[in-house]
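> First the structure, then my questions, so here it is.
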Amino acid sequence: MLPSNQRNVLLESSIHRGFQQSIQDLGCAPPGPDVFDAEVLQYLIAHLELTREEIKNLRQNLHAQLASAEVLTAEDTGDGRFSFLVRIPYQNHLVDTWLIYRRDVWRSGGVAALSSRPVWKRPRVMGAALVVSYVLIALIAGSVGQYLAGHNQQRLEALASAAGYTLVPTSANATKGAASGTAAQAPGGAASKPESAAPKPEGAAPPAQGQATPPNETITFTLQMGMTAGDLTQFLHDKGLIQDVAAFNQKLADTHVDQDLKPGTYTFQKGMSEDQIIQTLQQGPQS
């Protein structure tokens with residue numbers, strides 16, 4: 001067990017950090033699904049509108065959401081016992097519950113509070129906000145591109161005019177030359193010699209069609225200090241790489257990937273399976 005002064009420092013630093021990272025730093029064994037006793041489950045069933053399937057999987061889903069839980073309060077109550085007030089995001093609510101640890105055994109201390117999740121932090125709203133952001137960025141980028149293209153065209157016309165030339169669009173120039181059969185002349189009267197097309201090698205095969213395939217879309221995520229596995233899971237869900245946040249959080253817990261995540265940038269490909277995503281996380285950040 002860690003010395004008392006070191007435990008206190010770690011407990012203080014765990015406040016407003018991810019729950020799983022905090023208990024890992026303290027050397028505590030991770031809790032199992034049975035940490036949520038019948039009293040906690042009955043309280044949530046009574047105060048939340050849950051379907052029959054959600055009630056059936058309530059304990060497992062709460063345990064999976066521990067990957068996204070935040071520590072609100074952490075105390076050393078003596079005799080190797082730690083008490084954590086943990087905020088767990090569940091659907092559109094925040095569940096504040098006490099979790100008590102002693103000698104590798106976890107038990108629940110009951111629900112302290114139940115509140116509605118802020119609208120902007122709800123999964124569907126966050127996903128919609130991301131879509132709107134991408135649309136706005138695309139519109140702004142398109143407007144800027146059009147402005148720069150027009151600005152560059154004006155500069156080219158000004159330079160050509162200063163040199164005594166007039167810019168003619170390529171398509172118009174080609175049409176005019178084909179109709180009259182004459183070479184374009186500069187204002188000074190000197191005729192410019194038309195360029196001949198490069199000869200095509202005999203027997204050259206035409207370029208194959210349908211062989212080039214666009215590369216898979218690359219998606220990157222930077223896990224910063226203080227972020228939790230839940231932030232990563234929500235990002236993967238918003239990008240369409242995973243379907244079920246709770247189920248994927250459970251996979252991360254089963255493979256202990258949620259405890260071994262290191263800050264840095266991770267790269268994913270559209271169409272990756274969940275096992276491939278987990279393998280990428282196990283390999284560590286690419287930068």
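> What relative contact order, as a whole-number percentage, does the range 4-163 give when Cα pairs under 8 Å and 6 or more residues apart are counted?
In percent, rounded to a whole number, it is 18.
> Over the range 4-163, give the accessible area per residue in Å² for a 1.4 Å probe, as an integer.
The answer is 59 Å² per residue.
> Here's something else I'd like to know. With all protein chains present, calculate the accessible area of Arg17 using a 1.4 Å probe and round the result to the nearest 10 Å².
Rounded to the nearest 10, the figure is 70 Å².
> At what distance in nm do the modelled label points of Glu53 and Ala163 sit from each other, each positioned 7 Å from its Cα along Cα→Cβ?
6.9
> When each pair of different Cα atoms in the range 4-163 is counted once in the 1/r mean, what is the Kirkwood radius in angstroms, to one decimal?
19.2
> Still on this structure, please answer the following. Tell me, what % of the accessible area of the range 218-283 is carbon and sulfur with a 1.4 angstrom probe?
Solvent-exposed carbon and sulfur of the range 218-283 make up 47 percent of the total.
> Ok, one more. Please enumerate, by chain and number, the aspartates and glutamates with C-alpha under 20 Å from the C-alpha of Lys262, excluding those fewer than 8 residues away in the same chain.
Asp25, Glu70, Asp231, Asp254, Glu274, Asp275
> Moving on to the next point. Any chance you could tell me what percent of the C-alpha pair distances in the range 218-283 go past 14 Å?
So the pairs more than 14 Å apart make up 52 percent of the total in the range 218-283.
> Next question. Just the accessible area per residue of the range 218-283, please: how many Å² with a 1.4 Å probe?
Value for the range 218-283: 48 Å² per residue.
> Could you please state how large a percent of the accessible area of the range 4-163 is carbon and sulfur, counting protein chains only and using a 1.4 Å probe?
The nonpolar share, carbon plus sulfur, comes to 55 percent.
> Quick check: with the 1.4 Å probe, what order do His47, His93 take by accessible area, largest first?
Largest accessible area first, the list is His47, His93.
The values are calculated or read from the model by the stated rules, or taken from the named source; none is laboratory data. Since the model is a prediction, treat every value here as computed from it, not as a measurement. In this analysis, Cβ positions are derived from the backbone assuming ideal geometry, glycine residues included, and neighbour counts consider all displayed protein chains. Calculation scope for accessible area: heavy atoms of the full protein, side chains included, ligands and nucleic acids excluded. Shrake-Rupley method; radii C 1.70, N 1.55, O 1.52, S 1.80 Å.
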